[in-house]
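The values are calculated or read from the model by the stated rules, or taken from the named source; none is laboratory data. From a predicted model like this one, the values you see are computed outputs, not experimental measurements. Glycine gets a Cβ as well: all are built from the backbone with ideal geometry, and neighbour counts include every protein chain shown.
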Amino acid sequence: MKGLLLTEAREEDLGFLLGMWNDPGVMRYAGYPEGRCWSEADIQAWWDAYLAERRRSGEDETQLILRTGDGTAIGESHYGQVSEGFEVGDWRKPEGVRCFMTDIKLAPQYWGRGIGTQGMRMIVELIFAKTSCELLVVPPHKDNPPAFRVYEKAGFLLTGIEAWQGHEMMELSRERFKELYSG
C-alpha cells in the first residue's frame with residue numbers, strides 16, 4: 001500500500017488501540033493472558049503510564065500508529081529499550097548492548113497485503129534513526145508464520161532461542177540494518 005504513515009500515538013488513538021487490543025484475532029499470538037479484555041478505564045490508565053514513561057525515557061519508549069495516507073489508523077507498534085540483565089525464557093539481553101524490542105500488529109482487514117512488511121520496515125528505520133539501538137529484537141509466536149515472514153523481510157534473523165510460551169526471538173543488529181537498508 002502506498003502512502004503509509006507512521007506517527008506517534010495520540011490520545012485520540014485510544015479508541016483504535018482499545019479495539020485492536022480487544023480483538024482476539026489480533027491478540028491471539030501477542031502473549032497476553034487469554035481472554036484479556038481492556039476497558040476504557042484500562043486503556044486510559046495505560047495511556048497515563050505510557051506518557052509518564054515517555055517523558056522519563058524520551059524516544060527510547062514510543063507507541064506508534066501505522067496509518068493509511070488519509071490518516072486512518074490500521075496498525076500499531078511499540079518499542080522500548082530492554083533493560084540490562086533482562087531475560088525471558090532462554091533469551092537474555094546481551095550485556096552492554098543497547099537493545100530495543102518491538103513488534104507490529106495490523107487490523108485484520110489489512111492482513112496478507114504486504115502492509116505489515118512495509119510498516120515493519122518503516123518501524124525499523126525509525127528506531128535505528130531516532131535511538132542509539134545496537135540490537136533490535138522481536139518475539140513472534142511459533143504458530144504465527146505470517147509474523148515470521150514479515151520480520152524476515154524486514155531483516156530480522158531467527159536466533160533459535162525460545163523466549164516464552166512459544167515466542168521465539170529474532171534479532172536485527174545495527175550493522176545488518178546498515179547493510180540491508182543503505183541505498
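Annotations for the structure displayed:
- Scanning the stretch 128-170 for residues that are part of a helix (DSSP H, G or I) and under 17 Å from Ile104 (Cα atoms) gives Phe128, Pro145, Pro146, Ala147, Phe148, Arg149, Val150, Tyr151, Glu152, Lys153.
- The residues on offer are Glu134, Glu125, and the sole one that is under 16 Å from Thr62 (Cα atoms) and either free of Cβ contacts under 8 Å to residues at least 12 places away in the same chain or out of contact with any Gly (no Cβ under 8 Å at 6 or more places or on another chain) (or both) is Glu125.
- Being under 20 Å from Gln118 (Cβ atoms), of a type in the set (A, V, I, L, M, F, W, C) and more than 14 Å from the chain's Cα centre (by Cα) is a property that holds for Phe16.
- Answer from Gly15, Gly80, Gly25, Gly85 - the residue that is surrounded by 12 or more Cβ atoms within 10 Å (Cβ to Cβ) and closer than 24 Å to Pro140 by Cβ: Gly80
- For first residues located in the stretch 88-115 and assigned to a loop (DSSP other than H, G, I, E, B), partners that are of a type in the set (Phe, Trp, Tyr) and lie 6+ apart or on another chain with Cβ distances below 7 Å form the pairs Gly89/Trp164; Lys93/Phe86; Thr102/Tyr79.
- Residues in the stretch 54-69 that are in contact (Cβ under 8 Å) with a residue 12 or more places away in the chain and either loosely packed, with under 10 Cβ neighbours inside 10 Å or under 19 Å from Thr102 (Cα atoms) (or both): Ser57, Glu59, Asp60, Glu61, Thr62, Gln63, Leu64, Ile65, Leu66, Arg67.
- Test: residue in the stretch 34-55 that is within 21 Å of Pro146 (Cα to Cα) and at pLDDT below 90: yes
Results for (1) crowded, with 20+ Cβ neighbours inside 10 Å; (2) at pLDDT 95 or above; (3) closer than 16 Å to Arg98 by Cα; (4) within 12 Å of the chain's Cα centre (by Cα), shown as yes or no for each residue.
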| residue | (1), (2), (3), (4) |
| --- | --- |
| Arg121 | no, yes, no, yes |
| Phe128 | no, yes, yes, no |
| Cys133 | yes, yes, yes, no |
| Val138 | yes, yes, yes, yes |
| Lys142 | no, no, no, no |
| Val150 | yes, yes, no, yes |
| Leu158 | no, no, no, no |
| Ala163 | yes, no, no, no |
| Leu172 | yes, yes, yes, no |
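- Some residue of the stretch 96-112 being at pLDDT 95 or above, in contact with a Cys (Cβ under 7 Å, 6 or more places away or on another chain) and either closer than 19 Å to Leu4 by Cα or surrounded by fewer than 14 Cβ atoms within 10 Å (Cβ to Cβ) (or both): no
For every residue, the table says whether it meets (1) among the hydroxyl-bearing types (Ser, Thr, Tyr); (2) out of contact with any Lys or Arg (no Cβ under 9 Å at 6 or more places or on another chain).
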| residue | (1), (2) |
| --- | --- |
| Ser83 | yes, no |
| Arg92 | no, yes |
| Gly96 | no, yes |
| Cys99 | no, no |
| Gly116 | no, no |
| Gly119 | no, yes |
